[in-house]
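Visitor: Sharing a structure, written as structure tokens. Questions coming.
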Amino acid sequence: MYNIKVESNFSSAHNLRGYKGKCEELHGHNWKIEAVVSMDKLDKAGMVLDFKYLKMKLNRILDKLDHKYLNNIPYFKKVNPTSENIAQYIYGQLKSQLANLKSVTVWENNTSSATYEE
């Protein structure tokens, strides 16, 4: 099994509903996102997928989240914008374009991340 990974980032604000603590208040993050694609075999060029193509697809999704208040995005009006749910959201958006998507990891800081995979 071959895996490739690209990283990108975006900045946004959110607050967690139903959470008792500091994160209940409006605050922001500089999120780092990792997307992993897996394949059993390489293509004719010897690649899983072109890194540039994968990063372009990821960045199109992240552009819709960048410098936004996540709670105002329709999906997150019903789903709490936790790192876990952000990872699932990005995964779902990307999976519709990349059948071999393995996982999406969302880092909210240097020491804390959440990964979603199916």
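The values are calculated or read from the model by the stated rules, or taken from the named source; none is laboratory data. The structure displayed is predicted, hence computed values, not measured ones. Heads up, the Cβs are rebuilt from the backbone with ideal geometry, glycines too, and the neighbour counts pull from every protein chain shown.
Visitor: Take the residues in region 78-118 that are hydroxyl-bearing (S, T, Y) and over 12 Å from the mean Cα position of the chain (by Cα); name whichever of them is modelled with the lowest pLDDT.
Guide: Among residues in region 78-118 that are hydroxyl-bearing (S, T, Y) and over 12 Å from the mean Cα position of the chain (by Cα), the one modelled with the lowest pLDDT is S96.
Visitor: Take region 21-42 and flag every residue that is within 25 Å of E118 (Cβ to Cβ) and of a type in the set (A, V, I, L, M). Step through it out loud before you land on a result.
Guide: Within region 21-42, the first condition is being within 25 Å of E118 (Cβ to Cβ), and the residues that meet it are 29, 31-42.
Passing the criteria: I33, A35, V36, V37, M39, L42.
Visitor: Across region 88-111, what is the total count of residues that are more than 27 Å from L42 (Cβ to Cβ) and either in contact with a Ser or Thr (Cβ under 7 Å, 6 or more places away or on another chain) or aliphatic (A, V, I, L, M) (or both)? Don't jump to the end; show me each part of the working.
Guide: Step one: list which residues in region 88-111 are more than 27 Å from L42 (Cβ to Cβ), which gives 88-89, 106-111.
Still in the running and either in contact with a Ser or Thr (Cβ under 7 Å, 6 or more places away or on another chain) or aliphatic (A, V, I, L, M) (or both): 106-108.
Counting residues in region 88-111 that are more than 27 Å from L42 (Cβ to Cβ) and either in contact with a Ser or Thr (Cβ under 7 Å, 6 or more places away or on another chain) or aliphatic (A, V, I, L, M) (or both) gives 3.
Visitor: Take Y75 and tell me if it is within 18 Å of A13 (Cβ to Cβ), touching a helix residue (DSSP H, G or I) at 6+ places or on another chain (Cβ under 8 Å), buried (at least 20 other Cβ atoms within 10 Å of the Cβ) and of a type in the set (F, W, Y).
Guide: On the way: within 18 Å of A13 (Cβ to Cβ): yes; touching a helix residue (DSSP H, G or I) at 6+ places or on another chain (Cβ under 8 Å): yes; buried (at least 20 other Cβ atoms within 10 Å of the Cβ): no; of a type in the set (F, W, Y): yes.
When the stated conditions are applied, Y75 does not pass them.
Visitor: Filter region 29-58 down to the residues that are of a type outside the set (F, W, Y), surrounded by 14 or more Cβ atoms within 10 Å (Cβ to Cβ) and not in a helix (DSSP H, G or I) and list them by number. Talk me through it step by step, then tell me what you get.
Guide: At the first step, the residues of region 29-58 found to be of a type outside the set (F, W, Y) are 29-30, 32-50, 52, 54-58.
In the following step, the residues that additionally are surrounded by 14 or more Cβ atoms within 10 Å (Cβ to Cβ) were identified as 29, 32-39, 48-49, 54-55, 57-58.
The answer is H29, K32, I33, E34, A35, V36, V37, S38, M39, V48, L49.
Visitor: If I filter region 48-77 down to residues being more than 22 Å from Y2 (Cα to Cα) and among the β-branched types (V, I, T), which single residue comes out as farthest from the chain's Cα centre (by Cα)? Working first, answer last.
Guide: Our first condition is that a residue be more than 22 Å from Y2 (Cα to Cα); within region 48-77, this holds for 59-77.
Checking which are among the β-branched types (V, I, T) leaves us with 61, 73.
Details: I61: 8, I73: 15 Å.
Selected residue: I73.
Visitor: Something else about it: Give region 16-69 a look and list any residue that's in contact (Cβ under 8 Å) with a residue 40 or more places away in the chain and basic (K, R), or say none.
Guide: R17, K32, K55, K57, K68
Visitor: Ok, one more. Against the definition (surrounded by 14 or more Cβ atoms within 10 Å (Cβ to Cβ), assigned to a helix (DSSP H, G or I), on the phi < 0 side of the Ramachandran plot and touching a residue at least 40 places away in the same chain (Cβ under 8 Å)), how does F10 come out, yes or no?
Guide: no
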